[in-house]
1. Considering only residues that are away from the ligand (no atom under 15 Å from the Cβ), over 15 Å from Asn274 (Cβ atoms) and either open to solvent by less than 20 Å² (accessible area, probe 1.4 Å) or of a type in the set (A, V, I, L, M, F, W, C) (or both), which ones fall in the stretch 64-89?
2. Could you check the stretch 142-201 and list, in sequence order, the residues that are in contact with a strand residue (DSSP E or B) (Cβ under 7 Å, 6 or more places away or on another chain) and of a type in the set (A, V, I, L, M)?
3. Pull up the stretch 214-241, narrow it to residues that are in contact (Cβ under 8 Å) with a residue 12 or more places away in the chain and of a type in the set (A, V, I, L, M, F, W, C), then point me to the one that is farthest from Lys252 (Cα to Cα).
4. If you go through the stretch 159-174 one residue at a time, how many are surrounded by 14 or more Cβ atoms within 10 Å (Cβ to Cβ) and closer than 19 Å to Met205 by Cα?
5. Among the residues of the stretch 59-94, how many are assigned to a strand (DSSP E or B) and among the basic types (Lys, Arg)?
6. For the stretch 342-389, enumerate the residues that are over 27 Å from Ala282 (Cβ atoms), of a type in the set (Val, Ile, Thr) and out of contact with any Phe, Trp or Tyr (no Cβ under 8 Å at 6 or more places or on another chain).
7. Which residue pairs have Cβ atoms under 7 Å apart, sit 6 or more places apart or on different chains, and have a first residue in the stretch 148-167 that is within 21 Å of Gly36 (Cβ to Cβ) and a second that is away from the ligand (no atom under 15 Å from the Cβ) and outside any helix (DSSP H, G or I)?
8. Scan the stretch 294-316 residue by residue and report those that are open to solvent by less than 10 Å² (accessible area, probe 1.4 Å), of a type outside the set (Asp, Glu) and within 19 Å of Gly378 (Cβ to Cβ).
Amino acid sequence: MKTEFRVLFFRLLVALLLSGTAFAQKPELARTPPMGWNSWNHFRTNITDAILRAQADALVKNGMKNVGYEYVVIDGGWEGFHDEQGNFHPDPQKFPDMRVLVDYIHGLGLKVGIHTTPGPKTCSGREGSYGHEKQDAETFAKWGIDFIKYDWCTAGQVYQPDQMQAVYKKFADALTATGRPMLLSLCQYGMQNVWKWGASVGAQMWRTTNDIQDNYYQMMFIGLGQNGLEKYAGPGHWNDPDMLEVGNGNMKDEEYRTHMTLWCILAAPLFSGNDLTGMSPATLEILTNPEVIAVDQDAAGVQGHRVWQEGPTEVWIKPLADGSKAIAAFNRETRPMRVDINFAELSLPAAIQARDLWAHKDLENFEQTMTTTVPGHGSILLKVKPAAK
Ligand code: GLA
């Protein structure tokens with residue numbers, strides 16, 4: 001009886017350990033939300049080797065690398081053709097030698113990402129990985145790629161919807177088989193509640209929605225729509241509400257600050273999507289505020305959620321590893337609105353000490369409530385902890 005019990009206990013332990021690994025695959029690849037730059041939002045398919053080098057150079061020179069932006073992602077537009085041996089080649093007019101470009105970016109102390117699709121064609125009609133998955137994974141490993149954005153695009157023409165998870169798993173397994181750690185970023189616009197299975201097919205992040213646009217309403221629609229998905233994110237596996245539009249020109253700086261506040265309270269991957277060679281000081285400041293980024297990159301890896309809402313104003317909270325909390329308030333109205341943050345309603349202690357992370361400023365201590373005015377389309381971002389007695 002005793003031995004049987006021991007065998008049962010051992011089996012249970014093994015089962016537990018195995019089920020744990022499903023959600024913690026390669027967590028070292030994305031312990032905190034991945035950060036970097038992606039070519040798509042600004043350049044679309046108009047990318048070249050020279051543009052990629054210039055963006056990577058700028059990322060280092062302007063201080064973004066220092067605050068954590070790490071991956072330079074070559075999105076759609078690089079693809080050429082598969083040759084008779086099935087080897088994937090970049091468009092020779094735009095990318096003469098991918099390995100040389102990757103070496104250059106690595107030489108700057110950065111990592112490199114690339115976009116492909118399980119479909120026959122990318123979303124822009126260029127060559128996809130369909131039928132070449134294993135060999136393409138090997139090619140990417142040979143080039144020294146560190147990150148793959150695997151975008152559904154035209155895969156619906158060759159696969160049934162119920163094959164989607166297997167299609168993604170097949171590619172994740174092909175990446176693992178290369179022996180090179182490559183972060184897998186799923187892009188299928190949130191279909192089939194991807195947040196429920198993205199980690200189990202081997203991805204470190206997955207897009208939860210359709211494409212973002214450089215537009216305040218679309219950005220807020222996507223960002224605020226993440227509420228409720230917080231239980232699916234954590235170290236090694238993240239919900240991705242899409243790349244940043246900060247600095248692309250169609251929002252006001254106040255709105256871009258809101259974009260950043262929202263993405264950071266969400267523990268979202270932070271991929272800037274603007275032209276890094278020509279941005280304003282205000283854009284750079286929004287992208288590189290270390291105290292704001294620290295909320296996103298907090299080691300506890302908890303995605304924030306909405307705790308209070310009244311008309312166009314709302315308050316979100318994100319617990320941090322040191323026991324303090326990040327609090328964000330948003331105002332969707334175009335004119336300034338008063339927001340009363342009631343500590344009891346937010347399960348906060350009666351007396352708190354607060355720091356304004358955008359202003360880099362400790363505020364006075366507050367009791368019971370904190371009244372603040374949030375600018376039109378603006379936000380505030382605070383770090384709060386119990387006031388010292
Ligand atoms: C899709 C993705 C975008 C981008 C383009 C490239 O639309 O959602 O992020 O990768 O494809 O064609």
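The values are calculated or read from the model by the stated rules, or taken from the named source; none is laboratory data. Just so it is clear, the model here is predicted, and its values are computed rather than measured. Heads up, the Cβs are rebuilt from the backbone with ideal geometry, glycines too, and the neighbour counts pull from every protein chain shown. Just the protein is used for accessible areas: all its heavy atoms, side chains included, with ligands, DNA and RNA removed. Shrake-Rupley method; radii C 1.70, N 1.55, O 1.52, S 1.80 Å.
1. Val67, Phe81, Gly86, Phe88
2. Result: Ile145, Ile148, Ala172, Leu175, Met182, Leu183, Leu184, Leu186, Val194, Ala199.
3. Filtering the stretch 214-241 for residues that are in contact (Cβ under 8 Å) with a residue 12 or more places away in the chain and of a type in the set (A, V, I, L, M, F, W, C), the one farthest from Lys252 (Cα to Cα) comes out as Ala233.
4. Residues in the stretch 159-174 being surrounded by 14 or more Cβ atoms within 10 Å (Cβ to Cβ) and closer than 19 Å to Met205 by Cα: 10 in total.
5. Filtering the stretch 59-94 down to residues assigned to a strand (DSSP E or B) leaves 71-74, 79-82, 88-90.
Checking the rest, the ones that are also among the basic types (Lys, Arg) come to none.
Adding up the residues that qualify gives 0.
6. Thr371
7. Ile148/Met182
8. Val295, Gly304, Thr313, Val315, Trp316
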